[in-house]
Amino acid sequence: MSPRTTDPPEHDPVVSVSGLTKRYTGETGRVTAVDDVSFGIQSGEIVGLLGPNGAGKTTIVKTVLGLITPTRGDVSIHGVPVHEARSRAYNYVSAVLEGARNVYWRLSVRENLAFFAGLHGIDPRTRVDRHEAIIDTLGLTGKADEPAKNLSRGMKQKVALGCTLARETPVLFLDEPMLGLDVETSRDLQTELQRLAHEEDKTIVITSHDMDIIEAVCDRVIVLSDGDIVADDSVDSLLDVFQSRSYRVQLTENPPAHLREQLDTRFQLLDWRTDTDSVEFEIALAGSEEFYECVDILQTAEATIRSVTEIEPDLEDVFVELTTAESVSPEEAES
Ligand SMILES: Nc1ncnc2c1ncn2[C@@H]1O[C@H](COP(=O)(O)OP(=O)(O)OP(=O)(O)O)[C@@H](O)[C@H]1O
């Protein structure tokens, strides 16, 4: 587990979601978008909210931000119940949501940051260095005095992020924050988000479909599927749980024809490639017993093994396992 998720109970979560349910009535009847979901996020955590399309991520984020009224359940930010005291809760949270690029077109980049800091009761004259650092991190130094309306789409997105950072709220919700950013800016922003969380104790929730970014930036991930949480753990633990479940096996000669079918019937054969005089396949094996059984089958078939390599999973593999119908739960995978 991440050290942040094992904080003692007296450390109340900064974001607290309890028994959250949201049902929509659509054209095709009632849809349960979020089904009795609970989680808490501690100060200084960076949490990735993941799930396939329609899993309920946007509904959760918008409900936590008070933009959607839940059917049932409670949400609080910094102890303030969002749906009873929305404007008070807004003192603690900023968000950059998809499509919402709330910057002032006529103001320059610098003026936008100063303006949004001022809106939040911060005297921008006391934050000049900080704003310059944000502008630098976002790669906007050369455009700092340019009106936002003259910037490219990606740059406008950066300004929106900059304005959010300038508000200096303890909690940030960022929807696909790296989408459309060039590689260098994306890396700088990832480093900055980690610094904000780990040095300034900001709490950051990121939704993204980009697993590499989530794996690189987040301490913890909450994986949703069909409105339910299917995993909530540190990135490291999730990778550990799914460790060594797949192997790449090379055979030096073509084995008997029945071997492929035999392996496919008994195990989960992920890939099979035949060359003129060799075969390479990938296979999922749950635990050492299955591993030895597979080796036995190969030996009985008189296949000559050239190599067996464990395939290191990445977060994307874990995500696919967790959110596909035949998936194995983390508990099952651990056993
Ligand atoms: N306003 C609405 N009316 C009816 N159904 C809705 C509404 N908004 C969302 N839904 C449904 O609720 C479910 C969850 O949607 P939601 O937008 O929260 O998913 P998501 O995880 O954010 O998906 P995506 O990754 O595609 O953005 C989906 O089945 C969706 O069709």
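The values are calculated or read from the model by the stated rules, or taken from the named source; none is laboratory data. Given the structure is predicted, the values throughout are model-derived calculations rather than measurements. Note: ideal-geometry Cβ built from the backbone for every residue, glycine included; neighbour counts use all protein chains shown. SASA here: full protein model, heavy atoms, side chains in, ligands and nucleic acids out. Shrake-Rupley method; radii C 1.70, N 1.55, O 1.52, S 1.80 Å.
Tabulated data
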{"read-out": "Theoretical FRET efficiency, 1/(1+(r/R0)^6), r = Cβ-Cβ of GLU261 and ASP236, R0 56 Å, to 0.05", "value": "0.90"}
{"read-out": "For VAL34, distant residues with modelled amide H under 5 Å away", "value": "LYS22"}
{"read-out": "Violating pairs (Cα-Cα greater than 28 angstrom) within the set LYS62/LYS143; LYS62/LYS202; LYS156/LYS202; LYS22/LYS149", "value": "LYS62/LYS143; LYS22/LYS149"}
{"read-out": "The range 15-239 - share of DSSP beta bridges that are antiparallel (%, nearest 5)", "value": "60 percent"}
{"read-out": "Amide H within-cut-off set for SER246, under 5 Å, with H built and near neighbours excluded", "value": "LEU285, ILE311"}
{"read-out": "Measure of compaction for the chain (Cα Rg per 2.2 N^0.38 Å)", "value": "1.21"}
{"read-out": "The range 203-220 - phi-based ³J(HN,Hα) in whole Hz, Karplus 6.51/-1.76/1.60, Gly and Pro as x", "value": "9, 10, 10, 10, 9, 7, 9, 8, 5, 5, 5, 4, 4, 6, 9, 8, 7, 9"}
{"read-out": "Sum of side-chain charges, ARG86 neighbourhood, beta-carbon under 14 Å (Lys, Arg +1; Asp, Glu -1)", "value": "0"}
{"read-out": "Area of CYS218 that stays accessible when all protein chains are in place (1.4 Å probe, Å², to 10)", "value": "10 Å²"}
{"read-out": "Extension reserve of the ASP36-ALA284 stretch, reckoned as 0.36 nm per residue once the Cα distance is removed", "value": "86.0 nm"}
{"read-out": "Accessible surface ranking that places the most exposed of TYR247, TYR90 first, with a 1.4 angstrom probe", "value": "TYR90, TYR247"}
{"read-out": "Area accessible to solvent at VAL14, 1.4 Å probe radius, in Å²", "value": "20 Å²"}
{"read-out": "Candidate residues ASP296, ASP228: accessible-area rank, largest first, probe 1.4 Å", "value": "ASP296, ASP228"}
{"read-out": "Summed side-chain charge close to LEU97 - residues other than LEU97 whose Cβ falls under 9 Å, Lys, Arg +1, Asp, Glu -1", "value": "-1"}
{"read-out": "Inter-label distance for ASP314 and THR252, nm, one decimal - labels placed 7 Å from Cα along Cα-to-Cβ", "value": "3.3 nm"}
{"read-out": "Where the chain is the region considered: accessible area per residue in Å², 1.4 Å probe", "value": "51 Å²"}
{"read-out": "Net charge of Cβ neighbours under 12 Å - reference ARG306; Lys, Arg +1; Asp, Glu -1", "value": "-3"}
{"read-out": "Carbon plus sulfur fraction of accessible area for the chain, probe 1.4 Å, in percent", "value": "45 percent"}
